[in-house]
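All remarks here apply to the structure that follows.
The values are calculated or read from the model by the stated rules, or taken from the named source; none is laboratory data. This one's a predicted model, so the numbers in the text were calculated from it and none came from an experiment. FYI the Cβ positions are ideal-geometry reconstructions off the backbone, even for glycines, and counts take in every protein chain you see. Keep in mind that these areas ignore ligands, DNA and RNA; they rest on the heavy atoms of the full protein, side chains included. Shrake-Rupley method; radii C 1.70, N 1.55, O 1.52, S 1.80 Å.
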Amino acid sequence: MTAPRKTIKRRIHGTMFKLPLMITCNEFEDFVLAYLEEELPAHQCTIFKMHLKVCRECREYLRAYEASMTLTKASLKTEETDLPESVPQDLVAAVLAARNA
Amino acid sequence: MNACLPEPQPPREETPVSESGEVELLRAGNAAVTADFVRTNVTWMLAVARRILRDEGHAEDAVQNAFVKIFGNLDSFEGRSGLKTWMHRILVNEALTVFRRNRTQKDESIDEWLPVFDDNGCRIEAPWANFETPEQLLQRTQTKAHVAAQIDKLPDAYRVVLVLRDIEEMTTGEVANALELSEANVKVRLHRARAALKKLLEPLIRGQEL
């Protein structure tokens, strides 16, 4: 029963997304970066947000996309503050030797 | 003959040297300040170079080259940006030079991790019954290493754009210049890299890993 229901829902979505001021998920995908960078013109931003309201898949996708970005930044950024205390002595010696050459 | 051990000296009070004072001493070739400067900065520089190059030897080369440039260009450092910001820019440029020199032309495809749509243009996305927030995930010690490992799975052409934009906080224009790409191409690669990474991190965010 689940599969046919999904198909009907998809057909409804497919039709709905063709209405004026609506976009498909595929078109939504093209706007994601500009939306997050706050580069979407007001009109396109309204259309983007309207799609978000009616599409569960894109809402969840965007939430996970943003969570993934946060995880990436936090994981690699803090690495710098978590630097090992041991200084690579060979590299320091090589740099100083080059400086004194 | 005085056989007594010398009186223990109180620890020498370090007088903080201002950034401009440090730059002056570096320009003058002060050996102690130079050695201290290298020791203080080498670890973060190596970490940045490793993130871009993923190879210890190449990262060390980039750091060495960067120090040569830094010492060679101290006279042109005008203090408009902080010293570390200036050094960071030089280091990233050197790392990218090493990256371009050692890069293989064959880039693996990223398609398998990109979003999927049906014939109607509708997204195919499994329902998110469980969603762990980044705050929850970052409380676990293994998370950062796991995320770093997933980033390393991305093909270089995408990974480097992601690292430069999202981690090193360069602008799209700066990344485009550094990699000799158009800004539109940088944006496409950045979005694809983020979308692929979302897919790779999905089991973690869904609470199915770690």
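Accessible surface computed residue by residue for segment A:2-72, with neighbouring protein chains in place and a 1.4 Å probe, gives 56 Å² per residue. Note that segment B:111-205 presents 44 Å² accessible area per residue, ligands and nucleic acids not counted, probe 1.4 Å.
Please state the charge dipole magnitude for segment B:19-102, taken about the Cα centre, from unit charges on C-beta atoms (+1 on K and R, -1 on D and E), reported in debye and rounded to the nearest 20. Write down the numbers at each step before the final one.
Details: 11 positive and 11 negative charges, 75 e Å.
In total the dipole reaches around 360 debye.
Once you've got the Cα coordinates, tell me which of B:LYS69/B:LYS144; B:LYS69/B:LYS153; A:LYS18/A:LYS53; A:LYS49/A:LYS77 are over 24 Å apart. Over 24 Å apart, Cα to Cα: B:LYS69/B:LYS144; B:LYS69/B:LYS153; A:LYS49/A:LYS77.
Comparing B:LEU114, B:LEU197, B:LEU137 in a Gaussian network model of chain B (Cα springs below 10 Å), the most mobile by mean-square fluctuation is B:LEU137.
Please identify the chymotrypsin sites (Phe, Trp or Tyr not before Pro) of segment B:70-163 that satisfy two criteria: DSSP loop assignment and at most 15 other Cβ atoms within 10 Å. Which are they?
Values: sites: B:PHE71, B:PHE77, B:TRP86, B:PHE99, B:TRP113, B:PHE117, B:TRP128, B:PHE131, B:TYR158; in loops: B:PHE77, B:TRP128, B:PHE131.
Answer by residue number: B:PHE131.
When the charge dipole of chain B is built from unit charges on Cβ atoms (+1 for Lys and Arg, -1 for Asp and Glu) and taken about the Cα centre, the candidate among B:THR34, B:VAL92, B:SER182 whose Cα reaches farthest toward its positive end is B:SER182.
What is the distance in Å between the Cα centroid of segment A:44-75 and that of segment B:184-210? Taking the Cα centre of segment B:184-210 as reference, the centre of segment A:44-75 is 12 Å away. Comparing B:VAL160, B:VAL63, B:VAL188 in a Gaussian network model of chain B where C-alpha atoms under 10 Å apart are linked, the largest mean-square fluctuation is found at B:VAL188.
Taking the Cα centre of segment B:83-201 as origin and charging only Cβ (+1 Lys, Arg; -1 Asp, Glu), how large is the dipole, in debye to the nearest 20? Please list the in-between numbers first.
Working: 18 positive and 18 negative charges, 73 e Å.
Rounded to the nearest 20 debye, it is 360 debye.
Most mobile of B:ALA126, B:ALA31, B:ALA178 per a Gaussian network model of chain B (Cα springs, under 10 Å)? So, out of B:ALA126, B:ALA31, B:ALA178, the one fluctuating most is B:ALA126.
If you take the accessible area of B alone plus A alone and subtract the pair, what total do you get in square angstrom, rounded to 100, with a 1.4 Å probe?
Details: alone 13730 and 8520 Å², together 17450 Å².
Separately minus together, B and A give about 4800 Å² buried.
Modelled spin labels at A:GLU37 and B:GLU56, positioned 7 Å past Cα toward Cβ, are 3.7 nm from each other.
Nothing charged except the Cβ atoms of Lys and Arg (+1) and of Asp and Glu (-1): what's the magnitude of the dipole of chain B about its Cα centre? Round to the nearest 20 debye.
360
With unit charges on the beta carbon (Lys/Arg positive, Asp/Glu negative), name the residue among B:TRP128, B:GLN139, A:PRO88 whose Cα is farthest towards the positive pole of the charge dipole of the protein assembly as shown. Going by the Cα projections, it comes out as B:TRP128. Partners of B:LYS187 within straight-line reach, counting lysines whose Cα lies under 19 Å from its Cα and excluding those fewer than 8 residues away in the same chain: A:LYS73, B:LYS198, B:LYS199.
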